[in-house]
Every structure is written in structure tokens, then in C-alpha cells.
Amino acid sequence: MTQALTLFPPTRAAGLERLNNFVPKAGQDYGAGRNFYAPAQDPKAVSALSPYLRSGILSQSEVLHAVLQRHSAKAADRFITEVLWRSYWQGWLALRPGVWDAYQTELRRLFNEVQTQSGLRQRWEAACLGQTGIAPFDDWATELALTGYLHNHARMWFASIWVHTLKLPWQLGADFFLRHLLDGCPASNTLGWKWVAGIQTIGKPYMATEENIAKFTDGAYSAVPDLAQTPANIHAPPHPERQPLWQTGKPDPSLRSALILHEDDLNPLHAIAAVTTLGDNISLTTTASQTPWQNAPHVEAFRKNALSDARHRLAEQIGTAGPCVDGAKDLASWAIKSGIEQLVTADAPVGPTKILLDSYDKQAEGPPLVRVRAPLNAAAWPLATAGFFKFRKHIPDLLEGLDPNT
Ligand SMILES: Cc1cc2nc3c(=O)[nH]c(=O)nc-3n(C[C@H](O)[C@H](O)[C@H](O)COP(=O)(O)OP(=O)(O)OC[C@H]3O[C@@H](n4cnc5c(N)ncnc54)[C@H](O)[C@@H]3O)c2cc1C
């Protein structure tokens, strides 16, 4: 726990410092070095900004804006594209939220299987504890458990070995990541695992190879025998039909409003800007509900401390920080007791926070809830209709409308 939080202090000041140090490297250096594995302690070419982006401590718009102040869009193309992969995955899942629900249902079924089937439990435990005998895999399992971070290429190799070589269910691997990653994100994680398994881009699994691991670890792992040569046979239903995005709105300026702060957006400037007077605020904690097991202590500590940092910043802007709750009923009773006429919040992508906000909407009590979508999400999500190649063509337009204050 200490190592993860020492490497990634859960404050906006630490996120901004990391961003400032990284910006000079976001051009050609990033493009050339991005695929080479590096640990969190010395991320080399990559930014290791993901814990700050995932929690909205830093917004994607401000990160892209900072990079474009220093580099041309062409020079920083690779980095910009990666940051917008995140928007693409979020948009893809927002248009097909049933994929998250199906993953959660299957995960809970597997949770029972792990309790009742000792063979599965032993193989799953060995993988999670880094005791499979596959050296790099075991090292990455340990690294993730200690630091809360893994380089992108290591995530790909790890997931590929989990699914195709160890033949464990991808949902258990996705859960292992979500419980340990400081950047654990329902969209990037679920769809990243499905992509490796070959059921996201259907029929195109990602196969880790000995040569590729040797090359991109600079020879640190030059012999990794016994990797699967053929993909695991995974059955998955076809992608669900696309749904319209859920409603967002505009707060009514005449109502007494309170802001809801949540773990998916810890610097919700666009939501604050949408209301003229905010007298109160309340915070939601939702990460615990993402898994039937328990999140690693460093994940809970990062979210808790990052929320506390955000509450202090917010208190400076709009007054005393209100309580922290984790259920729709508590949110409603607080709002009623405080005489709040309207709740305002930054819109949350598909995941536990959105589920809590949806359950608030479904109950009869409490004032209306208005979700304000960040402009970049509002512009990018509807574009994730098909593959990334199609989405990518819109990147110049997305950059054109970038507002660093959102
Ligand atoms: C199986 C698997 C699971 C993953 N799970 C997550 C997850 O839970 N949360 C998460 O944020 N990312 C996830 N990723 C994507 C990616 O690995 C991480 O975003 C990246 O490694 C974070 O490190 P960084 O900040 O140093 O990235 P950098 O290379 O510095 O990239 C900058 C930012 O761009 C975004 N980004 C980069 N690569 C990707 C990508 N492939 N997909 C989506 N966004 C990307 C991230 O926000 C990242 O912080 C996963 C990838 C795989 C293959």
C-alpha cells in the first residue's frame, strides 16, 4: 500500500507535477519509446498519468491542452491518440452499457465457482499470487499488487498469458486488474481484456510471443517457453445493439443546488460552472461495489485520499465539505434534510458511480438530479459507433473544440 501511494500520491498537486515533468517528452520520445516495458518507479517514455486521469484529478482536456502548448498535434500524435483511446472505450461502452452488466453477472457466477471448485480456485490463486512458474507473468502479478500500476505492454502480455496460456476466464483476470490498478477503469479494462481474448475485435485475439516479450523488455525476459501458440476457444455473444446515450441536462439556476462529488471526476469544473449558486456538496464512494471480492487496500486508500483532497479544494471554492455516502437512499435523505432543491453532478461513465446515480433516479424520494457531461465526452462518446479507425478520423475536430478548463 505504501509503495503504491508513495509512487502515486493521491493529490491534484502530485498529478500536476507529473504532468509538467512529462510534457517535454510527449512528442517523438513518447512515440519511439512507448512500447518498451518500464516499471512505475521509472516509467521512462510513458507518462504514468493514468491514476490521475481515471479519477478525473486531471482531465483529459487539460492533459491534451498542456501537451499541445508544447508540441504540434503531429509531433504528439501518438500520445494524443492514446489519451483518446480512453474516450473511445468509454464511448463504446456508453453506447452498449449491457456489456458491463453482463461482465458483472458472469463475474458473480465465477465468484461462486471459485469458492466451490478447488481446481479453478488453485489455478486462479496461483495466477493472482504470481506463482505460475512463468517468470515475467509472476513478476508482473507482484508488481501490480505492490505498485497499483502496470505498463500497457505488460498488461497485454499478462492478459494474453492469463487467457490463452493459463486458460483462465477473462472476467477473473479483468477483476484481478480492477481490484489492484489505481487506474482501474470499467471501460478500458473490460474492453482491453475482451480485446486480448479476441471477443472485442471478433476473431482477432492478442497472442503474447517469446520474441515480442524479449524485444520490448530489452532482453530482461529472453526465454519464456510454453506460451500458447493458438488462442483459447472463447464463446461470447455478439455485441449488443447500440443504445442512445442517457440524458444529461442543464441545472435550473433558480433552485437551491448542491454538488455531488464522485470518484469518477474529482475536479468537476464543468459541473461547477453550470450552476450559479452552490451552497452545499456531498461525496459518493462507489469503488467498493466494482468487485465481489475486496479491492486492494492501496486502491481504496488512493480513492479515499484523492476524494479527501478534492473535498478540500471544493471547500475552498464553495464552502464546507458535506458528508460522504455510498447509497441512493442516504443521498436522498441528506438532500431532503438540507433543503436542497436540485442535485448537480459531473456525468459518470458506465460503472459503479453511474449505477448509483441511476438508482437514485429510479427511487421516488429526493430532489431531481442533473448530470452535466464534460464537453470532450459529449463530443467523443457518440463517435464510438464502430472500430477505433473510424473514431480516429474525428480526432482533429475533437482537438479543435478542446477547453482546458473542463
Ligand atoms: C488488458 C488491459 C487492461 C487495461 N486496463 C486499464 C484500466 O483499467 N484503466 C486504464 O486507464 N487503462 C487500462 N488499460 C490501457 C492502458 O494499458 C493504460 O491506460 C496505460 O498503460 C496507462 O499507463 P500510462 O498512463 O503510463 O499510459 P501512457 O502511455 O502514458 O498514455 C497516456 C494515457 O492515455 C490513455 N491510454 C493509453 N493507452 C491506452 C489504451 N490502450 N486504452 C485506453 N487508454 C489508454 C490512459 O489514460 C493513459 O494514462 C488496459 C490495457 C489492457 C491491454
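The values are calculated or read from the model by the stated rules, or taken from the named source; none is laboratory data. Every value quoted in this text rests on a predicted model; they were computed, and no experiment measured them. Every residue, glycine among them, receives a Cβ derived from its backbone with ideal geometry; neighbour counts consider all protein chains shown. Surface areas here come from the heavy atoms of the whole protein model, side chains and all, with no ligands, DNA or RNA. Shrake-Rupley method; radii C 1.70, N 1.55, O 1.52, S 1.80 Å.
Against the conditions (1) open to solvent by less than 60 Å² (accessible area, probe 1.4 Å); (2) more than 13 Å from the ligand (Cβ to nearest atom); (3) over 22 Å from S87 (Cβ atoms), Y37 satisfies every one except (2). The residue that is most open to solvent (accessible area, probe 1.4 Å), among those in region 388-406 that are in a loop (DSSP other than H, G, I, E, B) and touching a helix residue (DSSP H, G or I) at 6+ places or on another chain (Cβ under 7 Å), is N405. Residues satisfying the criterion are present in region 48-63 (criterion: in a helix (DSSP H, G or I) and more than 10 Å from the ligand (Cβ to nearest atom)). Taking each residue of region 21-33 that is away from the ligand (no atom under 11 Å from the Cβ) and at pLDDT 95 or above and looking for partners that are of a type in the set (K, R) and open to solvent by 20 Å² or more (accessible area, probe 1.4 Å) with beta-carbon atoms closer than 6 Å, six or more apart or interchain, yields V23/R70.
Yes or no: L182 more than 11 Å from the ligand (Cβ to nearest atom), of a type outside the set (S, T, N, Q) and in contact with a Lys or Arg (Cβ under 9 Å, 6 or more places away or on another chain)? Taking the combined requirement at face value, the residue does not satisfy it.
Can you confirm whether region 92-112 contains a residue that is among the aromatic types (F, W, Y) and within 10 Å of the ligand (Cβ to nearest atom)?
Initially, region 92-112 is screened for residues among the aromatic types (F, W, Y), giving 92, 100, 103, 111.
Subset that is within 10 Å of the ligand (Cβ to nearest atom): none.
There is no residue in region 92-112 that is among the aromatic types (F, W, Y) and within 10 Å of the ligand (Cβ to nearest atom).
For region 351-387, filtered to residues that are over 24 Å from P404 (Cα atoms) and hydrophobic (A, V, I, L, M, F, W, C), the residue that is most open to solvent (accessible area, probe 1.4 Å) is A364. Tell me whether region 276-295 contains one or more residues that are out of contact with any strand residue (DSSP E or B) (no Cβ under 6 Å at 6 or more places or on another chain) and charged (D, E, K, R). No, every residue in region 276-295 fails to be out of contact with any strand residue (DSSP E or B) (no Cβ under 6 Å at 6 or more places or on another chain) and charged (D, E, K, R). With the condition kept exactly as written, say whether any residue in region 204-216 is open to solvent by less than 40 Å² (accessible area, probe 1.4 Å), among the aliphatic types (A, V, I, L, M) and in contact with an Asp or Glu (Cβ under 9 Å, 6 or more places away or on another chain). There is no residue in region 204-216 that is open to solvent by less than 40 Å² (accessible area, probe 1.4 Å), among the aliphatic types (A, V, I, L, M) and in contact with an Asp or Glu (Cβ under 9 Å, 6 or more places away or on another chain).
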